[in-house]
């Protein structure tokens, strides 16, 4: 393994969404991530991108012998990732305090929607529910329409998996300094709320409505932070917040004689400015406008589809996307100057490394055969 996390061993109890995303981030940066599947998952196709870079073992967590296998694995690990509802890990016999009785430095990352505590801790949900509960979803959308789910990026990935990865690394640093591991309670409601830190600051300053959507700076209410349809039905994104950028945008659109840059933030001008912007953008195709503004700091970019993004000159130059076994992947990020990461390995099927992992734990061929025969591993 190469990358800044080389030498770190993480055990991932297989799940969906934020837990696997966290595991992917760690694996991308060089950690040896061992994913535990159920025996019934053996042979099932993995997610062709999200499950990349791990070794996989299939173990029956309802079997005492299976729990013994997992315990032996965790005795040698630095961290574990789990995404069960609160209490499930304990019922399996894998309570964090039990695990740390034999591995005091173990860090246990616990990924949930509502958290390990609180009235909703045991409640089922998905990204949309967590960001709605956290006050995020109500802020996204037009004022005359219903809230718009931002895919599942805010709860599952930004406020979930990425926050868990940060928490794990913070706890691992503490364990290295103190010799004591701990639990990381990563709740998507907490993470989604945290992502709104700047917005809460704006609200405290009276610059953001905490109850209304579509009337604030970044939610499409101002004409200089929005998207516009072009002649070919495609869109450009405009983020000309600063006066210099707004002035460059107005001049580039040929509207200098009709829009006064000094009144950029005057709400009384918004309707007319938006109308003028819309009319101007409708006269050329998206790519013609992009070419027209090439080299001009007007904060204008094309709204690219996923397929178009893989062909974009800037993203190709940076290697933002890569192909692994014929499948397009977002490349590992961020980039490291001294501990470069390797290209991630294609996802392995459930249980693909069972024998090798068991051998590494000291199980002999006869013991492995017995575990297979009784259905404990696959």
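Every number here is computed from the coordinates shown, using simple stated rules; none is lab data. Source: prediction; values computed, not measured. No Cβ is skipped: glycine too gets one built from the backbone with ideal geometry, and neighbour counts run over all protein chains shown.
Expressed as cubic angstrom per residue, what is the convex hull volume of the alpha carbon set of the stretch 11-141? Don't skip to the end; give the middle numbers.
Working: hull volume 17.9 nm³, N = 131.
Each residue corresponds to 136 Å³ of Cα convex hull volume.
Expected output is a single nm value to one decimal: the length gained when fully extending between residue 356 and residue 251, i.e. 0.36 nm times separation in residues minus the C-alpha distance. What is it?
31.4 nm
Enter the angle in degrees (range 0 to 90, nearest 10) between the Cα long axis of helix 243-252 and the first principal axis of the Cα atoms of the chain, meaning the one along which they spread out most.
The helix 243-252 is inclined about 60 degrees to the chain.
Once the Cα atoms of the stretch 217-286 are picked out, what are the Rg and Dmax in Å?
When restricted to the Cα atoms of the stretch 217-286, Rg and Dmax are 11.2, 32 Å.
Taking every DSSP beta bridge with both residues inside the chain, roughly what % is antiparallel (nearest 5)? Please list the in-between numbers first.
Working: 13 of 34 bridges.
So the antiparallel bridges amount to about 40 percent of the total.
To test your reading of the geometry: what angle, between 0 and 90 degrees and rounded to tens, separates the Cα axis of helix 64-74 from the longest principal axis of the chain?
Taking the Cα atoms of the chain, the angle to 64-74 is about 60 degrees.
How many angstrom lie between the Cα centre of the stretch 109-137 and the Cα centre of the stretch 150-196?
Rounded to whole Å, the Cα centres lie 14 Å apart.
Using mean Cβ contacts within 10 Å as the protection proxy, how do 186-194, 3-11, 172-180 order, highest first?
Result, highest mean first: 186-194, 3-11, 172-180.
Could you give the nm distance between label points at residue 211 and residue 173, where each point is 7 Å from its Cα heading toward the beta carbon?
For the pair residue 211/residue 173, the computed spacing is 4.1 nm.
List residues of the stretch 160-203, by number, whose backbone nitrogen lies under 20 Å from a label position 7 Å along Cα→C-beta of residue 98.
Residues 181-185 fall inside that zone.
So how tilted is helix 270-281 from the main axis of the chain? Cα-based, degrees 0 to 90, rounded to 10.
Taking Cα atoms only, the helix is inclined about 80 degrees.
Using the alpha-carbon centroid of each, what span in Å lies between the stretch 230-249 and the stretch 1-39?
Using only Cα atoms to place each centre, the spacing works out to 40 Å.
Would you compute, for the Cα atoms of the chain, the largest minus smallest coordinate along each principal axis and list the three values in descending order, in whole Å?
On the principal axes, the chain reaches 84, 46, 38 Å in Cα extent.
Label points 7 Å out from Cα along the Cβ direction at residue 307 and residue 204: separation in nm?
4.7 nm
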